[in-house]
Amino acid sequence: MTAVVPSGTCGPQTDLVCSWVYDQTGGNRGLAAAADWLVGRPLAIAGVLVGGWVLQLLVRRLVPRGVERLVPERGVADLPAADAVPNPLDEDLSRRTTRAHAISAVVVSTLSTLIWVTVLITGCAVLGLDLGPLIASAGLAGIALAFGAQSLIKDVLRGLFIVIEDHFGVGDEVDLGEATGIVEKMTLRETVLRDLDGTVWHVPNGEIDRVGNMSQNWSVAMVDVKVARGTDLVAVRNLLEAVTVELTAEDPFVEQVIDAPEVLGVQTIDVDGVTLRVLVKTLAGHQHGLQRALLEGIETSLTAHDVLRPSTALSVRIQPGSLR
């Protein structure tokens with residue numbers, strides 16, 4: 001018959017070894033307590049540590065695979081369809097890989113922290129430590145810290161959603177409201193931009209209310225051309241079509257243009273003249289160079305063909321007697 005071990009001899013989580021030694025020694029509380037501290041509790045703590053290590057290993061292996069399946073691909077309709085586009089699927093795969101790595105790193109880090117906090121609490125329970133007051137104090141401190149770090153939490157959560165939903169990535173040209181430029185660095189807390197004059201902007205993710213991305217999938221080079229009223233618009237359209245077709249067939253633009261150029265025709269009519277618009281769809285990020293080349297080519301062609309351009313005359317009215 002198994003003897004009842006007196007209260008306080010064995011630990012709350014390690015009474016197996018302690019009870020066995022107590023029975024085998026005929027009720028020796030000293031040896032039972034020594035066995036509990038030297039064998040039972042170390043074995044229990046080792047089991048907890050091994051369990052935590054196994055759980056962390058599973059998290060590191062399974063979470064990245066699950067995140068890669070959850071991160072959505074861009075739809076086929078969103079990708080350029082022209083044969084000249086250089087591997088859009090490879091670019092999309094690279095962006096998805098970057099997003100998956102960022103998301104999985106956050107998830108793995110969070111789960112790993114929870115695992116080892118649980119291991120610590122369980123280990124303290126094995127040793128018989130009363131963690132009630134400590135947990136209560138930590139809870140109050142956590143609440144105070146949460147109130148003080150609301151902006152940081154907002155930045156991190158917003159940054160996580162930016163990565164998950166692929167609002168932008170490193171290298172994209174974006175408009176974040178007050179700041180516009182090329183994304184040089186992204187963290188869960190802030191986004192770093194560099195604008196055209198070289199200024200570096202550090203934008204907290206929590207302050208990003210809207211995003212204009214000029215570098216996703218494709219862009220448009222748009223040129224407005226104003227000519228004088230009374231100009232032969234058919235002839236001007238033909239000139240614009242000739243210039244844009246010739247220019248987009250040359251290097252390096254032939255590798256960047258997705259669709260055939262479009263001369264949309266008359267955009268506006270006002271007292272200064274008539275405005276015609278030209279559109280060319282290009283790969284994302286290449287619209288600015290093409291737009292500058294179009295402006296130069298169109299201006300040269302219109303000047304060579306003596307097309308009348310609107311001019312604003314400056315008139316100065318002098319009141320009689322104002323000159324002395």
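In terms of its C-alpha gyration tensor, segment 206-268 has an oblate overall shape, because the principal axis ratio a/c (a ≥ b ≥ c, square roots of the eigenvalues) is not below 1.5 and a/b does not outweigh b/c. Nonpolar atom fraction for segment 151-263, defined as the carbon and sulfur part of the 1.4 Å probe accessible area, stands at 55 percent.
If the Kirkwood radius is taken over C-alpha pairs of segment 159-272, then at 10 °C and 1.306 mPa s the Stokes-Einstein diffusion coefficient equals 92 µm²/s.
Distance between the modelled labels on Leu62 and Glu178, one decimal in nanometres: 4.4 nm (7 Å Cα→Cβ projection). The orientation-averaged projected area of the convex hull spanned by the Cα atoms of segment 164-222 comes to 4.4 nm². Averaged per residue, segment 184-324 has 63 square angstrom of accessible surface, using a 1.4 angstrom probe with ligands and nucleic acids left out. Spatial offset of segment 279-311 relative to segment 191-269 amounts to 10 Å, using the alpha carbon center of each.
For segment 227-305, a/c is not less than 1.5, where a ≥ b ≥ c are the root eigenvalues of the C-alpha gyration tensor, and a/b tops b/c. That puts it in the prolate class.
The values are calculated or read from the model by the stated rules, or taken from the named source; none is laboratory data. None of these values were measured; they are calculated from a predicted model. When we count neighbours, we look across all protein chains shown, and the Cβ atoms used for this are built from the backbone with ideal geometry, even at glycine. The area values use the complete protein model at the heavy-atom level, side chains included, leaving out ligands, DNA and RNA. Shrake-Rupley method; radii C 1.70, N 1.55, O 1.52, S 1.80 Å.
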